[in-house]
Amino acid sequence: MGSEDLEILSISIDKDALRQLEEVQKRLGYKSRSKMLRNAILGMVHDYEAFDALKGEVECIFVLTYSEAEKNHVSDVLHRFGKVIKTELHQHHSGTCIDILNINAPAKKTREFFGVLKRNKCIYSVTYSIIRDTK
């Protein structure tokens with residue numbers, strides 16, 4: 001991809017987030033912040049494409065991390081999806097909560113759950129593994 005194929009985007013980011021971004025850039029060995037952000041954006045697009053492709057009944061594992069101080073806010077979100085959460089494992093590590101969730105739900109509900117988790121500002125990270133869907 002040549003530079004003539006690239007569009008320029010401007011973003012606003014607070015100083016703490018920029019510091020964290022620069023630390024990640026350094027640790028991962030990216031010479032270019034733009035390249036790192038392009039890869040992050042493509043990863044996000046891949047996640048959404050994977051969920052868009054789901055059909056039928058879906059079994060999926062989600063792993064969430066968030067501050068222990070936010071556990072009530074996250075718990076409220078999880079209670080909204082209580083009917084699709086089959087198993088929940090919760091543990092604490094140095095002020096961080098870690099939830100491992102096994103869900104079984106129609107594809108549409110799985111997409112909704114994923115979107116709610118990803119948009120939640122209290123949650124540090126959301127990772128997933130799709131076990132099966134009935135296409």
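The values are calculated or read from the model by the stated rules, or taken from the named source; none is laboratory data. If you're wondering where the values come from, they're calculated on a predicted model, not measured in any experiment. Cβ atoms come from the backbone with ideal geometry, glycine included; neighbour counts cover every protein chain shown.
Brief remarks follow.
- Hits in the stretch 101-127 (condition: within 27 Å of GLY56 (Cβ to Cβ) and exposed (fewer than 14 other Cβ atoms within 10 Å of the Cβ)): LYS108, GLY115, ARG119, THR127
- Residue match in the stretch 110-131 (condition: more than 30 Å from SER12 (Cβ to Cβ) and among the charged types (D, E, K, R)): no
- Residues that are in contact (Cβ under 8 Å) with a residue 40 or more places away in the chain and not aliphatic (A, V, I, L, M) within the stretch 91-108 comprise ASN102, ASN104, PRO106, listed in sequence order.
- Tally of residues being of a type in the set (Ser, Thr, Tyr) and within 25 Å of PHE114 (Cβ to Cβ) across the stretch 1-53: 1
- Test: LEU64 is at pLDDT 90 or above, within 19 Å of the chain's Cα centre (by Cα), within 22 Å of ILE123 (Cα to Cα) and assigned by TED's automatic domain parsing to the domain that holds ASN120: yes
- Applying a threshold of 6 Å to beta carbon distances and a minimum spacing of six or more residues, or different chains, the list of pairs starting in the stretch 27-42 at a residue that is free of Cβ contacts under 8 Å to residues at least 40 places away in the same chain and ending at one that is surrounded by 13 or more Cβ atoms within 10 Å (Cβ to Cβ) and aliphatic (A, V, I, L, M) reads TYR30/MET36.
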